[in-house]
Amino acid sequence: MRLSGIAFDAFGTLFDLGVLRRRAQDAVGDRGADLQDAFIARLVPSTWHATAAGKYRPFPELAVLALRAAAREVELDLTEAQASGIAAGLSSLPPYPDADDALAKLEAYELAVLSNGTREGIESLVAAAGLSHRFAHLLVADEVRRFKPAPEVYAQAPAAFGAPADSVLLVSGNEWDVAGAKLAGLRAAWISHGRPATGFLGVEADVTAERLSDLPDAVRRLESS
């Protein structure tokens, strides 16, 4: 089956979260790694809790709250400026080195970003990376006031492409995101970065690529299967 469009997660898929560790170390010194680990461990669950409780808050606000909680967990005192500065780094992450080349090889497809971020944040992130011209759509959780893996977030992709859900591929470096997309009726590709698959919620990706540079071949395998 020919794919109608491909939607990419942003954080940890197109854009490298590793730089946040260095920014945290710049802000608080040697404890920056501990702070970053605690922050990332809290960030995604905070979006799940906000959706489950029906108390949506924009992603940047949740990021600051998660960072403050992480600082308390590792017993660090953060100023408001430090917390806001580190969290704001989510809007200026570098793309993975192979991102642009992979996107260029997929230019025959209609492409989108599908992210938990805000429109302003994702527009800034994509523009700073010089990738704006690669995407026909920037789709964000803010539009539906729910976060992934809520099906309403994923439904934006087939609606934007004007195509059936099962002809749309979601590409993500997060297994929980892959599971959410599959449960919403989309196809899914997992960028493993060398990690073993765990089958989150018992759901497997349609295809796996170790890195973005392997994705075009994975897409061809999917369409020929």
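The values are calculated or read from the model by the stated rules, or taken from the named source; none is laboratory data. Predicted, not measured: the structure shown is a model, and the values here were computed from it. A quick note on method: Cβ atoms are made from the backbone with ideal geometry, for glycine too, and the neighbour counts reach across all protein chains shown.
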Subset of the range 149-165, residues within 16 Å of ARG187 (Cβ to Cβ) and of a type outside the set (A, V, I, L, M), comes to PRO149, PRO151, TYR154, GLN156, PRO158, PHE161, PRO164
Taking the conditions exactly as written (in a helix (DSSP H, G or I) and either assigned by TED's automatic domain parsing to the domain that holds TYR56 or modelled with pLDDT under 95 (or both)), does SER213 satisfy them or not? no
Just to be sure before I move on: is ALA83 outside the structural domain of LEU138 (by TED's automatic domain parsing) and in a helix (DSSP H, G or I) in the structure I sent? yes
Hey, can you tell me all the residues within the range 188-199 that are within 16 Å of the chain's Cα centre (by Cα) and either surrounded by 23 or more Cβ atoms within 10 Å (Cβ to Cβ) or farther than 17 Å from PHE15 by Cβ (or both)? ALA188, ALA189, TRP190, ILE191
So, in the range 152-194, of the ones that are charged (D, E, K, R) and either without any contact (Cβ under 8 Å) to a residue 12 or more places away in the chain or in a strand (DSSP E or B) (or both), which residue ends up nearest to LEU215 (Cα to Cα)? ARG187
Could you tell me how many of the residues in the range 109-151 are basic (Lys, Arg), assigned to a loop (DSSP other than H, G, I, E, B) and without any contact (Cβ under 8 Å) to a residue 60 or more places away in the chain? 0
Among the residues that make up the range 52-60, is at least one of them among the charged types (D, E, K, R) and not assigned by TED's automatic domain parsing to the domain that holds LEU131? yes
What residue, among those in the range 86-108 that are in contact (Cβ under 8 Å) with a residue 12 or more places away in the chain, surrounded by fewer than 17 Cβ atoms within 10 Å (Cβ to Cβ) and not in a helix (DSSP H, G or I), is farthest from the chain's Cα centre (by Cα)? GLU107
Residue in the range 185-195 that is of a type in the set (S, T, N, Q) and over 20 Å from GLY5 (Cβ atoms) present: yes
Test of understanding: among THR118, THR51, THR79, which residue is surrounded by fewer than 18 Cβ atoms within 10 Å (Cβ to Cβ), among the polar types (S, T, N, Q) and out of contact with any Leu (no Cβ under 9 Å at 6 or more places or on another chain)? THR79
Within the range 130-160, take every residue that is crowded, with 16+ Cβ neighbours inside 10 Å and either modelled with pLDDT under 95 or in contact with a Lys or Arg (Cβ under 8 Å, 6 or more places away or on another chain) (or both) and give me the one that is nearest to LEU170 (Cα to Cα). TYR154
